[in-house]
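A.B. asks: Next up is a structure, given as structure tokens.
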Amino acid sequence: MRAALLHAVGDDKLDIRDDFTLTPVGPTDVRVKVKATGVCHSDLSVLSGVLPMPLPVIPGHEGAGEVVEVGDHVTTVKPGDHVIINWTPACGTCSNCLAGQPYLCMTFVMESFTLARFRYGGETPAFGMAGCGTWAEEIVVPWQGAIKVDPEVPYEVAALIGCGITTGVGAAINTAKVRPGTSVAVVGCGGVGLSVIQGARLSGATTILAVDPLESKHALAKKVGATHACTPDGLMEAIGTLTGGRGFDYGFEAVGKSASIMSAWQATRRGGDVIVVGAGAMDDVVPLSAFSLLFEGKNLLSSLYGGSDVRRDFPFFAELWKAGKLDLESMISSRIRLADLNDAVAALRSGEVLRQIVVFD
Ligand SMILES: [Zn+2]
Ligand SMILES: [Zn+2]
């Protein structure tokens, strides 16, 4: 079967080849034929080494597909079911899972660094990003990593729910718990930032400012729910005109850089919530003073995978989409083939595209 492989961090091109095989399906595993997968910024972070992964690795973590085989002990899905891939499968028994924070479960994260489920060129092992690797025609994941979804939801929509939507909408609804009538600033208008904007709109925020250096993204941000938009250079002026200089009730960072975390911090009012959604690098230190952390009274919150329990939230977001409350069509900038992934990566690096979705036959 075909997949796109990264041999080494910093490689210019992915090796798109057709000689992959999968390890056998274990008793608690599920084999999924991938039908659609997104090209997300976190995939770029694997290519650049910002997100460390074992190598060689097949990127891709935002995906949906059809179950083709299940292990003997799997009862949650059966062949033919449509599923969304969950890139943080939760074991259900560790202290994080028992604390109601399945998005912090490390059980399968650790396993993904030692368990290579792909083979190529004969017997050479290859890993899947976060234990999935959806830039492949088929994948094997633990049953907790394949969440059943209503077959009426198209695969491309389901794929978006697998990462960008859950991360962004979840950050607004689960982590920040945005309240009606409040003001929200969102720094970064990629797929996740636009999802935060949609979550803020759904929550009843009345002022939603989209901040992005690319003016081409401002119109789209407004289409999905932003009431205003500006470039980072215009942020101070927007704080003045939209909040009387007080700052926004919530400041979201959806880029994954210390500079944009500081922008979100500055955009947020005293006592407001600053929510870090973007995945940044280990050596990118946020320059916040101890003085500011106490005396500005702001709450610095982390929102990993939208603070979601995906067993509850994947179907929830699918329902919101079916009810016309989530605009996922506008988020897809192009539909591509697996063979186009190198071009797609280059396009995402330029920042001009939104969500490119690989569709499989
Ligand atoms: Zn766990
Ligand atoms: Zn992602």
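A.B. asks: Identify the residue in the range 83-115 that is among the small types (Gly, Ala, Ser) and buried (at least 18 other Cβ atoms within 10 Å of the Cβ) and, among all such residues, is farthest from ligand 2 (Cβ to nearest atom). Let's see the steps before the verdict.
C.D. replies: Initially, the range 83-115 is screened for residues among the small types (Gly, Ala, Ser), giving 90, 92, 95, 99-100, 112.
Next, from what is left, pick out any that are buried (at least 18 other Cβ atoms within 10 Å of the Cβ): 90, 112.
On the way: Ala90: 17, Ser112: 15 Å.
So, considering only residues that are among the small types (Gly, Ala, Ser) and buried (at least 18 other Cβ atoms within 10 Å of the Cβ), the one farthest from ligand 2 (Cβ to nearest atom) is Ala90.
A.B. asks: Answer yes or no: is there a residue in the range 264-278 that is assigned by TED's automatic domain parsing to the domain that holds Ala200, in contact with an Asp or Glu (Cβ under 9 Å, 6 or more places away or on another chain) and hydroxyl-bearing (Ser, Thr, Tyr).
C.D. replies: yes
A.B. asks: Any residue in the range 91-114 that's assigned by TED's automatic domain parsing to the domain that holds Asp313: show its pairings with residues that are aliphatic (A, V, I, L, M) and more than 10 Å from ligand 1 (Cβ to nearest atom) at Cβ separation under 6 Å, as long as the two are six or more apart or on different chains.
C.D. replies: Qualifying pairs under 6 Å: Tyr103/Leu304; Ser112/Ala130.
A.B. asks: Could you tell me whether Glu62 is open to solvent by 20 Å² or more (accessible area, probe 1.4 Å) and at pLDDT 95 or above?
C.D. replies: So Glu62 does not fit the description; no.
A.B. asks: Right, something else. Tell me, which residue of the range 101-156 that is part of a loop (DSSP other than H, G, I, E, B) and touching a Leu at 6+ places or on another chain (Cβ under 8 Å) is nearest to ligand 1 (Cβ to nearest atom)?
C.D. replies: For the range 101-156, the residue satisfying everything is Arg117.
A.B. asks: Looking for something in a loop (DSSP other than H, G, I, E, B), in contact (Cβ under 8 Å) with a residue 12 or more places away in the chain and not assigned by TED's automatic domain parsing to the domain that holds Ile197 - is there at least one such residue anywhere in the range 282-289?
C.D. replies: No: the range 282-289 contains no residue that is in a loop (DSSP other than H, G, I, E, B), in contact (Cβ under 8 Å) with a residue 12 or more places away in the chain and not assigned by TED's automatic domain parsing to the domain that holds Ile197.
A.B. asks: Further, regarding this structure: Consider Pro89 against the criteria (1) more than 22 Å from Phe316 (Cβ to Cβ); (2) of a type outside the set (A, V, I, L, M, F, W, C); (3) within 14 Å of ligand 1 (Cβ to nearest atom): it satisfies all of them except one. Which criterion is unmet?
C.D. replies: (1)
The values are calculated or read from the model by the stated rules, or taken from the named source; none is laboratory data. Since the structure is predicted, the reported quantities are computational estimates derived from the model, not experimental observations. Please note: Cβ atoms are built from the backbone with ideal geometry, for glycine as well, and neighbour counts cover all protein chains shown. All accessible areas refer to the heavy atoms of the entire protein, side chains included, with ligands and DNA or RNA removed. Shrake-Rupley method; radii C 1.70, N 1.55, O 1.52, S 1.80 Å.
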